[in-house]
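Here's the structure we're looking at; comments come further down.
The values are calculated or read from the model by the stated rules, or taken from the named source; none is laboratory data. Since this is a predicted model, take the numbers as computed values, not measurements. Using ideal geometry, Cβ is built from the backbone for each residue, glycine included, and neighbour counts are taken over all protein chains shown.
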Amino acid sequence: MLGRRLAGRKGIRVGLLGSLVWLVVAILLADRSPRPAVQAVAVVCAGLSGTTLPDLDLLLPLGHRSGLTHSLLPLALALFATRWRPVMAGLAIGIGLHLAADTFPNAMRGFATVKLPGVGSLGATGSYAWLGMQALAATLAGAVLLAAALPIRLALVTAAALAMVGIAYLFATDGGWPALAVYGAFGWLAIRRRTVRVAS
Ligand SMILES: [Zn+2]
């Protein structure tokens, strides 16, 4: 997802600042009102934020595709206050989307690989494993947190809204299309399993 992004550094900054704005909005909403509908909006705002949040490493002295931001670590934010749990749910799903797209670079080298402080680049295989596993973990964590944060019907509506965010994001970003295919395959399996379970 970098080629297009490097085309305009200014564009990157605006996108990253947007990510922070969505995050602040999500936290304020979750913090101010315990009403499920407000919490649901907070989840979606956090989801929007999560799709670009990992690339904040571009503004920090971390080196791009830092393993600190390209991981579940930003979710630790929600440990500050239990009221922020819905934010954690949305962030997890958004970060999952970002990492899923980052798992499919044009070539896993240079900028595309994951870097850890004190370790340096994880190399191609290590980066695929890191991004793939963190994407999977973030998505699963997001689904569990979402189901726990909201009444089931509202959770399903919120999941549908996040799916729209995900499709729009993956459609437009480098590496998004193969990631979209993976999400589609998992979604299809999940629905099939449920149908089989209901039928038997
Ligand atoms: Zn990234």
* Conditions (1) away from the ligand (no atom under 14 Å from the Cβ); (2) of a type outside the set (Lys, Arg); (3) buried (at least 24 other Cβ atoms within 10 Å of the Cβ); (4) at pLDDT 95 or above: number failed by Pro86 -> (4)
* To do: Check off (1) assigned to a helix (DSSP H, G or I); (2) within 14 Å of the ligand (Cβ to nearest atom) for Gly63 and give me the number that stays unchecked.
  => (1)
* Just wondering, is there one or more residues in region 53-72 that are of a type in the set (Gly, Ala, Ser) and free of Cβ contacts under 8 Å to residues at least 24 places away in the same chain? -> no
* Restricting attention to region 23-77, and to residues there that are out of contact with any helix residue (DSSP H, G or I) (no Cβ under 8 Å at 6 or more places or on another chain) and closer than 22 Å to Arg109 by Cα, which single residue is surrounded by the most Cβ atoms within 10 Å (Cβ to Cβ)? -> Asp57
* Asked: Within region 156-187, can you find the residues that are aromatic (Phe, Trp, Tyr) and either modelled with pLDDT under 90 or closer than 26 Å to Ala26 by Cα (or both)?
  -> Tyr169, Phe171, Tyr183, Phe186
* Structure fact -> Scanning region 96-128 for residues that are among the small types (Gly, Ala, Ser) and more than 12 Å from His70 (Cα to Cα) gives Ala107, Gly110, Gly118, Gly120, Ser121, Gly123, Ala124, Gly126
